[in-house]
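One structure is given below, encoded as structure tokens.
The values are calculated or read from the model by the stated rules, or taken from the named source; none is laboratory data. It should be emphasised that the depicted structure is a prediction, and the values quoted were computed from it without experimental measurement. Cβ: placed from backbone, ideal geometry, glycine included. Neighbour counts: every protein chain shown.
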Amino acid sequence: MTMAEFMLGVAGSEALISSCDCEMGDVKYEEIARSTRTASGALKRDVVAVKRVFPFAYSWLPGKAARVQDGGMGRDELLALYNASAELSFHLPREDAVAEDVTVRFRSFSSKMILRDSGWGWVWAVSFELEEV
């Protein structure tokens, strides 16, 4: 599975998430639950749902998609999606060759401008998390 198979965007117009030095961290599972104590002191939990958080980190990523070698989104395109504060479609390939489309929102986004040698000039260290809706 390559990173280039991951896609993100408004449903129907998803774009590639660049594999340009990208690391997808461990997927986190978060329970949405209600907990109460009974009169006897026993804990009662009602799990409503389990949602996933998908973390991504780039040690460097060009600002514009036009400068990204694999045709994926650059920092500016990812930031525009973050600023849109909208529900997005996240195309998640799996090992069994059956992809899953997950509705997500950005949970966090950070970027830092850095200078790279070898003609790249200014690029961005970028990290963000996508949260399943």
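Figures for the structure shown
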| quantity | calculated |
| --- | --- |
| Subset of segment 34-80 (residues that are part of a strand (DSSP E or B), of a type in the set (G, A, S) and in contact (Cβ under 8 Å) with a residue 40 or more places away in the chain) | A57, S59 |
| Conditions (1) modelled with pLDDT of 95 or more; (2) not in a strand (DSSP E or B); number of the one not met by Y29 | (2) |
| Some residue of segment 36-49 being touching a strand residue (DSSP E or B) at 6+ places or on another chain (Cβ under 8 Å), farther than 12 Å from F90 by Cβ and surrounded by 11 or more Cβ atoms within 10 Å (Cβ to Cβ) | no |
| Residue that is more than 30 Å from I114 (Cα to Cα) and not basic (K, R), where the choices are V47, V68 | V47 |
| Yes/no for L130 being within 18 Å of E5 (Cα to Cα), surrounded by 12 or more Cβ atoms within 10 Å (Cβ to Cβ), within 15 Å of the chain's Cα centre (by Cα) and not small (G, A, S) | yes |
| Hits in segment 2-21 - residues which are at pLDDT below 90 and on the phi < 0 side of the Ramachandran plot | T2, M3, A4, E5, S19, C20 |
| Scan of segment 98-117 for residues that are aliphatic (A, V, I, L, M) and either assigned to a strand (DSSP E or B) or in contact with a Leu (Cβ under 7 Å, 6 or more places away or on another chain) (or both), ordered by number | A99, V102, V104, M113, I114, L115 |
